[in-house]
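Encoded as structure tokens, the structure appears first; notes follow it.
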Amino acid sequence: MPVALIWLIAALVLAGAEALTGDMFLLMLGGGALAAAASSWLADWPVWADGIVFLIVSVLLLSLVRPTLRRRLAPGKGLRMGIKALEGKNALVLDRVAHDAGQVKIDGEVWTARPLNEGDVFEPGDSVTVVHIEGATAVVFRDV
């Protein structure tokens, strides 16, 4: 059996195995095997030279093509919607925020608020950051 045919079979097996993993690693090795098959068929080099072609092409594909391909195929993080979108936003204290009451303005909307730490008190005009939303109450802490 010609060496080029063995490399071609290896390339097809690696590409087929990639369908099971989806990690793009085996596909890059399959590309290296395909390059080795082409070099073996075109140049009739010894097997060790085909192995070097396989190694060089595989490393190049893994380091240059795979990261770009994975970035393009990876699902986006998506937009945060609803109350999750308010977490981490800055707010302006409108009414004194203490453990029992308070109001802040977040993106033009007025929310009831309480401090993250019970002992904290924020005065009107202070800038705070929203940690999370509990029901209709924004839990906030002081900006640094």
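Each DSSP beta bridge with both residues in region 71-138 is either parallel or antiparallel, and the antiparallel ones are about 85%. Shown here for region 55-127: GluC sites (Glu not before Pro) in loop regions (DSSP other than H, G, I, E, B) with at most 12 other Cβ atoms within 10 Å, namely Glu118.
In the P(r) worked out for the chain, what percent of Cα pairs fall beyond 17 Å?
Cα-Cα pairs of the chain separated by over 17 Å account for 69 percent.
With both labels modelled 7 Å from their Cα along Cα-to-Cβ, the Asp95 to Ala15 distance reads 6.8 nm.
Histogrammed with a bin width of 10 Å, the alpha carbon distances of region 32-78 distribute as 28, 34, 22, 12, 4, 0 percent, first bin at zero.
Scanning the chain for long hydrophobic helices, with DSSP H runs required to stretch 15 angstrom or more by C-alpha along their axis and to average at least -1.0 on the Kyte-Doolittle scale, returns 3-21, 25-43, 47-60.
Find how much the distance from Thr129 to Asp44 grows on full extension, using 0.36 nm per residue of separation minus their present alpha carbon separation; answer in nm with one decimal.
Here the answer is 23.8 nm.
Applying the criteria of a DSSP loop state and at most 16 other Cβ atoms within 10 Å to the trypsin sites (Lys or Arg not before Pro) of region 34-113 yields Lys77, Arg80, Lys89, Arg96.
For the chain, the carbon plus sulfur part of the accessible surface works out to 66%, probe radius 1.4 Å. Per residue, the accessible area of the chain comes to 64 Å², computed with a 1.4 Å probe over protein heavy atoms only.
The values are calculated or read from the model by the stated rules, or taken from the named source; none is laboratory data. Values in this document were obtained by computation on a predicted structure and should not be read as measured data. Cβ coordinates were reconstructed from backbone atoms using ideal geometry, including for glycine residues, and neighbour counts include every protein chain displayed. For accessibility, only protein heavy atoms count, side chains too; no ligands or nucleic acids. Shrake-Rupley method; radii C 1.70, N 1.55, O 1.52, S 1.80 Å.
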